[in-house]
Amino acid sequence: PLAVETARALALLDKYHLRRSGFVAVHAGASFLGRRWQPERFAAVIDEIARETGLDFVLVGGPDEHKAADEIAARTASPVVNFVGALSLETLLALLKEARLFLGNESGPMHMAAAAGTPVVGLYGLTNPIRWGPVGVASIALQPSMPCECVASDFCKPTDPSKACCVWRLEVGPVTDAVREILARTEKQTANALSRCA
């Protein structure tokens, strides 16, 4: 039941000293390597936003996504809480509902965050974000300029969105700016929600 999963998520927040709406959930995984933004770039965004805002960061993902999460945790100066492989889908959904923002690749967890009502910054490669972007929440879907200037011609299948590496062309600056913009755009509604919870 929803109440049980919410209680589990809140217990995790308490255990790791995370505040409701005081953390960003980051998902660095995806079904294909070419759809995963580089871990060192996630780490750079995490450090910059943590320094500016004081928000905490939580890494989420499935049991086969430890490598990217471990790389991010090793590269950040800011502490991150790593829940990769540790949560059921139900608990993940409850946790995402408590996040201030979701930052991640085009993936199932991105759509789960939107379904939970959490603002989203989504990172896209060849897939069209107008068609496959998050719906129903404040969001920014970032995609490099198209047509793609291929960065992995020996690896990519340029006509197949699930096998193209276009997302690798996204730079840290625009992603950091998008996170700032969504945080600013949703600041008032977050404050209102927190006052209702108090």
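Points worth noting:
- The lysine pair tally for the chain, using Cα distances under 26 Å and a gap of 8 or more places or different chains, is 6.
- By the count of neighbouring beta-carbon atoms within 10 Å, fewest first, Trp132, Trp37, Trp168 end up ordered Trp132, Trp168, Trp37.
- Helices in the chain, meaning DSSP H runs of at least 4 residues, each add -39500 (n - 2.57). Divided by all residues, the mean residue ellipticity at 222 nm is -13000 deg cm²/dmol.
- GNM result for the chain, Cα springs below 10 Å: residue of Pro109, Pro134, Pro79 fluctuating most strongly: Pro79
- Taking the longest Cα principal axis of the chain as reference, the axis of helix 187-197 is set at about 30 degrees.
- Distance from the Cα centroid of segment 114-157 to that of segment 36-73 is 18 Å (rounded to whole angstrom).
- Degrees, to the nearest 10: 66-75 long Cα axis against longest axis of the chain: 80
- C-alpha long axis of helix 2-15 to longest principal axis of the chain, angle in °: 90
Here, each number is a calculation from the coordinates, and none is a lab measurement. Note that the structure is a prediction, hence the values are computed from the model and not measured. Cβ coordinates were reconstructed from backbone atoms using ideal geometry, including for glycine residues, and neighbour counts include every protein chain displayed.
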